[in-house]
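To start, the structure itself, in structure tokens.
All of the numbers you see were taken from the coordinates with simple rules; none came from a lab. These figures come from a predicted structure and were not determined experimentally. Quick reminder, even Gly has a Cβ in these numbers, built from the backbone with ideal geometry, and neighbours come from all protein chains shown.
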Amino acid sequence: MNFENLVLERQSDRKYDTSRAVEDEKLMKCIESARLAPSACNAQPWKFIIVKNELLKAQVADCAVSLGMNKFCVDAPSIVVLVLEKPNLTSKVGSVLQGKEYTLIDIGIVAAHFCLQASDLGLGTCMVGWFNEKKVKSLLNIPSSKRIPLIITVGYRNAELRTKSRKKLTEICTVI
């Protein structure tokens with residue numbers, strides 16, 4: 001798929017074909033594309049946990065279902081948990097000196113790579129930031145000192161592509 005079509009097709013999917021599992025090869029291809037993502041000072045401050053065990057997946061999904069939000073997580077065939085790892089020394093020093101959270105920028109980039117690759121493979125994804133992080137850490141034996149910025153639901157979409165609602169170019173871009 002050409003890049004423009006890929007960007008137009010990628011969306012935050014909240015309806016999945018529950019009868020169809022995501023093939024391991026496709027999940028690994030998404031991880032490989034994410035692995036190749038750029039990061040500040042090549043720190044690569046991430047780790048992916050693919051939750052396939054049905055009971056554990058249901059428990060992680062339940063951590064995202066609160067205040068009436070993210071009910072779709074329960075139907076996601078796969079859930080990927082993105083763990084924030086410590087950056088290397090140069091990235092950490094750069095973040096302090098520049099007053100920028102390079103690790104969070106890196107997480108955004110790596111998540112985008114994952115989701116774009118998934119879309120190219122015919123999969124739908126949704127990045128979820130609203131969940132009970134403490135409980136997810138407990139379920140997956142992630143040390144309390146680590147952070148989980150995102151979980152990503154993955155599956156074959158069970159809905160039509162939506163028209164994207166975005167700000168106009170003139171609202172987000174200035175040419176000087």
> Which of GLN98, ASN53, MET127 sits farthest toward the positive end of the charge dipole of region 3-172, with +1 on the Cβ of Lys and Arg and -1 on the Cβ of Asp and Glu?
Replying inline: GLN98
>> Using only the alpha-carbon atoms of the chain as identical scatterers, what base-10 log of I(q)/I(0) does the Debye formula give at q = 0.08 Å⁻¹?
In response: -0.27
> If you keep only loop residues by DSSP, which trypsin sites (Lys or Arg not before Pro) in region 126-157 have at most 15 other Cβ atoms within 10 Å of their Cβ?
Replying inline: LYS146
> Three principal axis extents, largest first, for the C-alpha atoms of region 1-68, in Å?
Replying inline: 36, 30, 29
> For the chain, what is the calculated [θ] at 222 nm in deg cm²/dmol (nearest 500), taking -39500 (n - 2.57) for each run of four or more DSSP H residues and dividing by its residue count?
Replying inline: -12000 deg cm²/dmol
> Among VAL83, VAL154, what is the fewest-to-most ranking by other Cβ atoms within 10 Å?
Replying inline: VAL83, VAL154
> Residue separation times 0.36 nm, minus the C-alpha to C-alpha distance between THR174 and LEU89: what's the value?
Replying inline: 27.1 nm
> Which whole-number percentage describes the relative contact order of the chain, with Cα contacts under 8 Å and a sequence gap of 6 or more?
Replying inline: 35 percent
>> Beyond a 29 Å Cα-Cα separation, which of these cross-linked pairs lie in this structure: LYS71/LYS92; LYS135/LYS168; LYS52/LYS167; LYS15/LYS168?
In response: LYS71/LYS92; LYS135/LYS168; LYS52/LYS167
> What residues qualify as long-range amide H neighbours of GLU85, i.e. H under 5 Å apart, gap of 5 or more or another chain, H built at 1.01 Å from N?
Replying inline: TRP46, LYS47
>> Give me the one-decimal nm value for the distance between modelled label points at ALA58 and LYS146, 7 Å along each residue's Cα-to-Cβ direction.
In response: 2.5 nm
> Given 0.36 nm per residue, what is the gain on full extension from LYS134 to THR163 after removing their alpha carbon distance, in nm?
Replying inline: 6.9 nm
